[in-house]
1. Which members of the stretch 119-177 meet the condition of being acidic (Asp, Glu) and surrounded by fewer than 20 Cβ atoms within 10 Å (Cβ to Cβ)?
2. Could you go through the stretch 386-402 and let me know if any residue there is surrounded by fewer than 19 Cβ atoms within 10 Å (Cβ to Cβ) and outside any loop (DSSP other than H, G, I, E, B).
3. For the stretch 176-191, how many residues meet the condition of being aliphatic (A, V, I, L, M) and either closer than 26 Å to residue 352 by Cα or touching a His at 6+ places or on another chain (Cβ under 7 Å) (or both)?
4. Filter the stretch 381-403 down to the residues that are among the charged types (D, E, K, R) and in contact with a Phe, Trp or Tyr (Cβ under 7 Å, 6 or more places away or on another chain) and list them by number.
5. Can you tell me which residue is modelled with the lowest pLDDT among those in the stretch 374-397 that are under 17 Å from residue 325 (Cβ atoms) and of a type outside the set (Phe, Trp, Tyr)?
6. Answer with yes or no whether residue 140 is part of a loop (DSSP other than H, G, I, E, B), assigned by TED's automatic domain parsing to the domain that holds residue 59 and over 14 Å from the mean Cα position of the chain (by Cα).
7. Does residue 114 meet the test of being under 19 Å from residue 67 (Cβ atoms) and either outside the structural domain of residue 32 (by TED's automatic domain parsing) or without any contact (Cβ under 8 Å) to a residue 60 or more places away in the chain (or both)?
8. With respect to residue 290, is the statement that it is more than 14 Å from residue 409 (Cβ to Cβ), in a loop (DSSP other than H, G, I, E, B) and among the polar types (S, T, N, Q) true?
Amino acid sequence: MTTNLKHLRLNLLLLTSLFFFSPLLQAEISTSATLSSDAEINYTVYKAEGTQLLLWFYSEAGPQTSDKILADKLSKLGIEVWLIDLFDSYFLPIALSSMDKIPARDISELFETAHQQSGKTITAVSTGRSAIPLLRAVREHQISLSGSNALRGLMLISPKFYTKTPEPGKEGTLMPVVSNSNVLLFVIQPKQSPWFWKLDKTIPALEKSGSDVYLQVINGVRDRFYFRPDATTGEKEVTNKLSHLIHNAMTALYNHPEKIRQPGQNNSIQPKAVNTKKEKSLQPHKGKTQPPELELLTVKDKTINLKHLKGKVVLVNFWASWCPPCVHEMPSMQRIQDHFKKDKFVILGVNMAEDKQTIKSFIKKKVAVDFPLLMDTDGDALKRWQVFAFPTSYLIDKNGNIRYSLFGSIEWDTQETMAIIEKLINE
């Protein structure tokens, strides 16, 4: 830990007992606040006697039952919570595009209103893409209400800072407000997430205009872990402890030395996030055709170097056992490996930082594949290959050039995809 408390990595405390959800929630109070813009912001209050107020802004996924459960548990820990429903307040659809339609000035005013009404120290929390409208609101608050002490800081859980998921092999673009923010932040980042591997980009960008950043990485959980319908046992256990984790994070923010913060100087902070969800298919590669270095050990302790596979068509697939789309596409990958001769076509499955035993257990119990599974233990290959999503795949021709790529899963043994592979083999 540095003397200015930046880059503080906190390990998730292993609590000696689990904190299970209470079947009875604290009394909910549904109310609203009318702002100077005539916007009426609807929210639900979970009262507490403490001195801290947490403004919980829903993500692009909208309200979740788990939000209410967490709010109830936090109120029992002495933290008052307001669940803010901006979708309902602004008649917006629950969608990524709605995040860019939330007025920063209104949210800035809401910070001040909440502080005045409650008399409490305000922390705002968000998940996913809603980090962006919150950062914009803080910047607006610093511009229009300079000197206000209403807001202590922001807590961002699994934040998404990029404009979109870029094409494979291309560098992503951060939303400009990320590097133009000066705020006290506590970032909670699941490790089983593509965004974990971008922390070396996002944290320095956040700090560029003066932000102080606490970072807590949580092992063994994925993005949206606390409201995933397919949550694992480990994710449910972490969810049961999440109220205490948030309580500890708020304590860290509360105890951080106060200082006057000025917003970043760049006013170009409003580009829209782009929804990259679309029908997936293998497409001509748009990035550099020369593949980055790839030399890794397999789970069978054999070293494979991509450069030594010239003369063969190679499919390089970045995957993880905890990624449902990765798992879904692997049987079809095995089918195309079975279809084409191995002296003509080979698949390299590059695993994302899981240990050897986990990978071996996966192929024994879940999906049996016999193509090489490489271990990218420290994520260096992922970074070199500019992987922003799991799975990401690159199809390389016999001369060692990347010809096709995609992010997301597909059925590999379709007539169209097999025809592309056949064409590369026959070139």
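1. Those that are acidic (Asp, Glu) and surrounded by fewer than 20 Cβ atoms within 10 Å (Cβ to Cβ): 167, 171.
2. For the stretch 386-402, residues surrounded by fewer than 19 Cβ atoms within 10 Å (Cβ to Cβ) and outside any loop (DSSP other than H, G, I, E, B): absent.
3. Number satisfying all stated conditions: 3.
4. Hit for the stretch 381-403 is 383, nothing else.
5. For the stretch 374-397, the residue satisfying everything is 389.
6. It is false that residue 140 is part of a loop (DSSP other than H, G, I, E, B), assigned by TED's automatic domain parsing to the domain that holds residue 59 and over 14 Å from the mean Cα position of the chain (by Cα).
7. No, not satisfied.
8. It is true that residue 290 is more than 14 Å from residue 409 (Cβ to Cβ), in a loop (DSSP other than H, G, I, E, B) and among the polar types (S, T, N, Q).
The values are calculated or read from the model by the stated rules, or taken from the named source; none is laboratory data. In this text the structure is predicted, and so the values were computed from the model without any measurement. Note: ideal-geometry Cβ built from the backbone for every residue, glycine included; neighbour counts use all protein chains shown.
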